[in-house]
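Asker: Handing you a structure now.
The values are calculated or read from the model by the stated rules, or taken from the named source; none is laboratory data. Model, not experiment: these values are computed from the prediction. What goes into the accessible areas is simple: the full protein's heavy atoms, side chains included, and nothing from ligands, DNA or RNA. Shrake-Rupley method; radii C 1.70, N 1.55, O 1.52, S 1.80 Å.
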Amino acid sequence: RAQGKFPRLYQLLVSYRESKGYRIVHKGGAMRRLLEALERRECVGIAGDQASRQGIFIDFFGRLALFTTGPFELARITKALIVPGFIHRLRGPFHRLVIEPPIDPAQAKGPQEAVVRWGVERFAEILRQHIERDPAQWLWLHRRWKHTPTRRVLVLSDGKLGHLKQSLTVVQAFKERSTQVSEQIIEVRYRHQLGRILATMWAWLVPGGLVGLRGLRLALQPACFKQLASVYADLIISCGASIAP
């Protein structure tokens, strides 16, 4: 992305990397150059944990995520091995490089699609294991599940059955469009009436995100706050004025 938007920064990064003996493959005709390098039995490095706009959906931490198939198609065509590598920061400038056993597409049988899926699933599982061991090491700031069809809906209830039914009607409309929609219902319970008034004032008067979780902790009952602070949702649906903040 920096190649087109920030060319001077891009050249600086390239100079750092090539000073260690690497050759950077730039955008435009990259696939041809990667094929040529593999045919010469050279090593090709690819960042394998990036979200992809194209590829295949693989279960990743309980949600479908798009994984690119390019590296595994290259390996199948050129009879190369996929060698998963991970860098773990120890302290300061010190790191530990972990090289996992290679993934050999030649071990899988069947048509091309099945072989590629087998390889991608193996890699996704290895990546998941490394993240689970130390999640803080996975410094990846983009939306890894941006293109997933798996959608999680949070329904905020004010305890009134009519409002809840209205919200669930909207959820049902989403389910009719996609079979991979799940919902969770949390009833919002304030500590007292003053908590509700304060939350409403924060929502209207304070710039977004300024009070954040601290304000919710003061306004909501502890059990309710704990639920809301730990839940993830792609979409939030609610009916009722008391839940507006």
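Asker: Can you tell me how the range 131-245 classifies by the Cα gyration tensor, rounded, prolate or oblate, using a/c under 1.5 as the rounded cut?
Answerer: Numbers: a/c = 2.09, a/b = 1.18, b/c = 1.78.
Judged from the Cα gyration tensor, the range 131-245 comes out oblate (a/c at least 1.5, b/c at or above a/b).
Asker: Sorted by accessible area (1.4 Å probe), largest first, how do 141, 13 line up? Display every interim value, and only then the final one.
Answerer: Details: 141 155, 13 70 Å².
Ranked from most to least accessible, the order is 141, 13.
Asker: Please list, short to long, the whole-number percent of alpha-carbon pairs of the range 4-146 in consecutive 5 angstrom bins beginning at zero.
Answerer: Calculated P(r), rounded to whole percents: 2, 8, 15, 19, 21, 18, 12, 4, 1, 0.
Asker: How high is the relative contact order of the chain, in percent, counting Cα pairs under 8 Å that sit 6 or more residues apart?
Answerer: On the way: 285 pairs, mean separation 36.9, N = 245.
Relative contact order for the chain comes out at 15 percent.
Asker: Keeping all protein chains in the complex and leaving out DNA, RNA and ligands, what accessible area do you get for residue 99 with a 1.4 Å probe, in Å² to the nearest 10?
Answerer: For residue 99, solvent-accessible area is about 100 Å².
Asker: I would also like to ask the following. If amide hydrogens are placed 1.01 Å from N in the peptide plane, which non-local residues have theirs closer than 5 Å to the one on residue 103?
Answerer: 82, 83
Asker: Which shape class, rounded, prolate or oblate, goes with the range 41-90 when its Cα gyration tensor gives a ≥ b ≥ c as root eigenvalues, a/c under 1.5 marks rounded, and past that a/b bigger than b/c marks prolate? It would help to have the intermediate numbers written out before the result.
Answerer: Working: a/c = 2.42, a/b = 1.20, b/c = 2.02.
In terms of gyration-tensor shape, oblate.
Asker: Students sometimes get this wrong: rank 218, 154 by accessible area, probe 1.4 Å, all chains present, largest first.
Answerer: On the way: 218 110, 154 10 Å².
Heavy-atom accessible area, descending, gives 218, 154.
Asker: So what J values fall out for the range 114-123 if you push phi through Karplus, 6.51 cos²θ - 1.76 cosθ + 1.60 with θ = phi - 60°, rounded to Hz, Gly and Pro as x?
Answerer: Using θ = phi - 60°, the values come out as 5, 5, 5, 4, 4, x, 5, 5, 4, 5 Hz.
Asker: For mean projected area of the Cα convex hull in nm², the listed values are (i) 13.2; (ii) 18.7; (iii) 12.5; which was obtained by calculation from the structure presented?
Answerer: (ii)
Asker: Just the accessible area per residue of the chain, please: how many Å² with a 1.4 Å probe? Kindly include the intermediate steps, with their values, before the conclusion.
Answerer: Working: 16830 Å² over 245 residues.
Here the residues of the chain average 69 Å² of exposed surface.
Asker: Is the shape of the range 66-168 best called rounded, prolate or oblate, per the rule: a/c under 1.5 gives rounded, else a/b larger than b/c gives prolate, else oblate, with a ≥ b ≥ c the square roots of the Cα gyration tensor eigenvalues? Present the calculation step by step, with values, prior to reporting the outcome.
Answerer: On the way: a/c = 3.78, a/b = 1.58, b/c = 2.39.
Here the range 66-168 falls in the oblate category.
Asker: What order do 86, 61, 6 take when sorted by accessible area (1.4 Å probe), most exposed first?
Answerer: On the way: 86 25, 61 75, 6 115 Å².
Sorted by accessible area, descending: 6, 61, 86.
Asker: Can you give me the long-range amide H partners of residue 64? Hydrogens built in the peptide plane at 1.01 Å from N, cutoff under 5 Å, separation of 5 or more residues or another chain.
Answerer: 150
Asker: Here's something else I'd like to know. Which distance in Å, rounded to a whole number, links the C-alpha centroids of the range 107-137 and the range 1-51?
Answerer: What the calculation gives is 23 Å, centre to centre.
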